[in-house]
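Q: Structure provided below as structure tokens; questions to follow.
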């Protein structure tokens, strides 16, 4: 497989990821409470009880009145510190944990109205899941681990092995089909977990801190691999992390959680330049602006005939185009998704960002 830098360059060169306009998943007023009579409290309380009221009744609030939409084809990152509720929330989305109240609408169907049998089928055929712990079956080869969910579905041996080999090749493990998990590195084991979740060709992909157990170099490589897969597959993805650097690299949009509540949802650029609360501002304070600001956000208007002989996407991050712009003596044209010129990116504007002077609009 190509090295991480080469993959990063190819992903950056591909331009912005295409995100659909349709909704894949919608959460409406979702709660998850733990404690005595938790199921009854929201029914008997109007308005909803405050955190203090719940605490006096020995109720733990893991998720509190969450509303969010996940668009088709986007990487939607949920992040927060340990104990913020993000892992509980993602498990509520697939009903691995039963929400206390609310609606979870997946492709127009409220999953909370689905029977247990229906949910088993939805999870088997339409949802992919990857967690921090790889949970590979140690007595099975790579090929058999990846084919395992297809075996559970009842897919015939030849068909499931053909599909397993396809996704093993997709994640860069061709040639290791007969290896056992103990014979693989941590990064390779995580690739097997990713391949296994992709084998069922899921409509939506849930990943809960999938790279946090890896060392930094392998983690970066896995992020590159993840972005490469997304440019090929265009999956709808809900990705959990506590690492803002990781979220910035991967996300189309980010939701920040605290104490079970969604504090703000926005693009990485929105969260850094327009934090909704002091908590979000503190959370994002140390992120270099060049990682999140786009060419569109700092471009100058076009005045008169355009003389720029180079161009960059309006959605390109400044850190990805800084070298190109700084090497040139003239401004670089900024283009939209159709290739039309929409502005100019100057060396002065880029330098301001690199020096930490926030000039975003």
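Q: Got a sec? Which helices (runs of 4 or more DSSP H) wholly within segment 200-280 have at least 1 residues that are under 20 Å from residue 134 (Cβ atoms) and not assigned by TED's automatic domain parsing to the domain that holds residue 92?
A: Details: elements: 216-233, 244-250, 268-273.
Helices (runs of 4 or more DSSP H) meeting the threshold: none at all.
Q: Oh, and also: Looking for something at pLDDT 90 or above and under 26 Å from residue 88 (Cα atoms) - is there at least one such residue anywhere in segment 331-348?
A: No - not one qualifying residue is present in segment 331-348.
For every residue, the table says whether it meets (1) under 21 Å from the mean Cα position of the chain (by Cα); (2) under 22 Å from residue 248 (Cα atoms); (3) outside any strand (DSSP E or B).
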| position | (1), (2), (3) |
| --- | --- |
| 49 | no, no, yes |
| 55 | no, no, yes |
| 61 | no, no, no |
| 70 | yes, yes, no |
| 73 | yes, yes, yes |
| 76 | yes, yes, no |
| 83 | yes, yes, yes |
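Q: Could you say whether any residue in segment 301-311 is surrounded by 13 or more Cβ atoms within 10 Å (Cβ to Cβ) and at pLDDT 90 or above?
A: No: segment 301-311 contains no residue that is surrounded by 13 or more Cβ atoms within 10 Å (Cβ to Cβ) and at pLDDT 90 or above.
Q: Continuing with this model, one more query. Which condition number does residue 174 fail, the rest of (1) over 23 Å from residue 124 (Cβ atoms); (2) out of contact with any helix residue (DSSP H, G or I) (no Cβ under 7 Å at 6 or more places or on another chain); (3) without any contact (Cβ under 8 Å) to a residue 24 or more places away in the chain being met?
A: Among (1) over 23 Å from residue 124 (Cβ atoms); (2) out of contact with any helix residue (DSSP H, G or I) (no Cβ under 7 Å at 6 or more places or on another chain); (3) without any contact (Cβ under 8 Å) to a residue 24 or more places away in the chain, residue 174 violates only (2).
Q: Only one of 146, 167, 130 is touching a strand residue (DSSP E or B) at 6+ places or on another chain (Cβ under 6 Å) and crowded, with 18+ Cβ neighbours inside 10 Å; which? First the steps, then the outcome.
A: Values: 146 fails: touching a strand residue (DSSP E or B) at 6+ places or on another chain (Cβ under 6 Å); 167 fails: touching a strand residue (DSSP E or B) at 6+ places or on another chain (Cβ under 6 Å).
On inspection, the qualifying residue turns out to be 130.
Q: Now for a different question. Could you grab me the full set of residues in segment 96-110 that are buried (at least 20 other Cβ atoms within 10 Å of the Cβ) and under 30 Å from residue 189 (Cβ atoms)?
A: Within segment 96-110, just 106 meets the criteria.
Q: Right, residue 323: assigned to a helix (DSSP H, G or I) and more than 30 Å from residue 243 (Cβ to Cβ) or not?
A: Numbers: assigned to a helix (DSSP H, G or I): yes; more than 30 Å from residue 243 (Cβ to Cβ): no.
Here the answer is no, as residue 323 does not meet what is asked.
Q: Name every residue in segment 321-341 that is out of contact with any helix residue (DSSP H, G or I) (no Cβ under 7 Å at 6 or more places or on another chain), surrounded by fewer than 18 Cβ atoms within 10 Å (Cβ to Cβ) and within 22 Å of residue 292 (Cβ to Cβ), in order of residue number.
A: Within segment 321-341, 323, 324, 336, 337 meet the criteria.
The values are calculated or read from the model by the stated rules, or taken from the named source; none is laboratory data. In this text the structure is predicted, and so the values were computed from the model without any measurement. Ideal geometry is used to build each Cβ from the backbone, glycine not excepted, and the neighbour counts take in all protein chains shown.
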